[in-house]
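Following: one structure in structure tokens, then a few remarks.
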Amino acid sequence: MIAVTLARPWLVARLPGPMRALSHAPYGPGYRMTGAVLWREVRNADLTPGFDAEGWLQGEMARAPEPAGVAMLTSRDIGTWDQASASVDGIGAHCVVTLGLSNAEAVGTRLPWHSADYGTINLLVATDAALTGTAQLEALTIAVQARTAALLDLGLRLETGLATGTGTDCIVVACPPGDLRYAGLHTAVGEAVGSATRRAVFRAATDWLRWRDAKRAGRAQDG
């Protein structure tokens, strides 16, 4: 459903046609019709407390490899993106994700900010179910649940509890506009969105954990 192209420092996710996207993305938030969603990789060194991320991304979009109505930022290696798809009762869903957990949080608590602690779960999930705006909002809550469930499956323990997300997560849900009124856990679209998102996030999180552990082992060996 989503065609992904790596064009460093960009990741381009082309939708099967114009879809209505719903997100809190730094570029194109809210409801927005678009045929593509972009990720822009950014260096940790650029992400100072005074960095105008939204303004910078706005300028970068003029140089993007493809026009898009929605875009996200990530400090994770853009080439580590992952994906998963699901089909339930003829309704399809496809999730594309980039993931870093260096600024992971346990919901309801907050760790002290540190300049080295950047990492974001940026995900796009598209479904071919033609949803009302309200049902699309419900589908967004399913994607959020799936993200959180995947991290709980991972079992990353922080000082404040098990990680449930990061401080800068961004989720985009895209679908054709339509009349389907429900997208909860009892529905085929809810199951498809949840399954694709949970599996994509868990795979990407497992990959990040392996990368983190290898990096720590390398530092210990050098020391």
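Yes or no, residue by residue, for (1) closer than 24 Å to R32 by Cβ; (2) touching a Leu at 6+ places or on another chain (Cβ under 9 Å):
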position: P176; (1), (2): yes, yes
position: L185; (1), (2): no, no
position: G190; (1), (2): yes, no
position: A196; (1), (2): yes, no
position: R199; (1), (2): no, no
position: W211; (1), (2): no, no
position: A214; (1), (2): no, no
position: G218; (1), (2): no, no
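From A196, A192, grab the single residue that is more than 14 Å from the chain's Cα centre (by Cα) and not β-branched (V, I, T).
Every option except A192 fails the conditions.
Please find, within the stretch 80-105, the residue that is surrounded by the fewest Cβ atoms within 10 Å (Cβ to Cβ) out of those that are touching a strand residue (DSSP E or B) at 6+ places or on another chain (Cβ under 9 Å) and farther than 30 Å from L158 by Cβ.
Among residues in the stretch 80-105 that are touching a strand residue (DSSP E or B) at 6+ places or on another chain (Cβ under 9 Å) and farther than 30 Å from L158 by Cβ, the one surrounded by the fewest Cβ atoms within 10 Å (Cβ to Cβ) is S87.
Would you call T134 surrounded by fewer than 21 Cβ atoms within 10 Å (Cβ to Cβ) and of a type outside the set (D, E, K, R)?
Answer is yes for this residue.
Given (1) within 30 Å of P49 (Cβ to Cβ); (2) at pLDDT 95 or above; (3) among the basic types (K, R), identify the lone condition not met by K215.
In the conditions (1) within 30 Å of P49 (Cβ to Cβ); (2) at pLDDT 95 or above; (3) among the basic types (K, R), K215 misses (2) alone.
The values are calculated or read from the model by the stated rules, or taken from the named source; none is laboratory data. What you are looking at is a predicted structure, and each value in this text was computed from that prediction instead of being measured. Glycine gets a Cβ as well: all are built from the backbone with ideal geometry, and neighbour counts include every protein chain shown.
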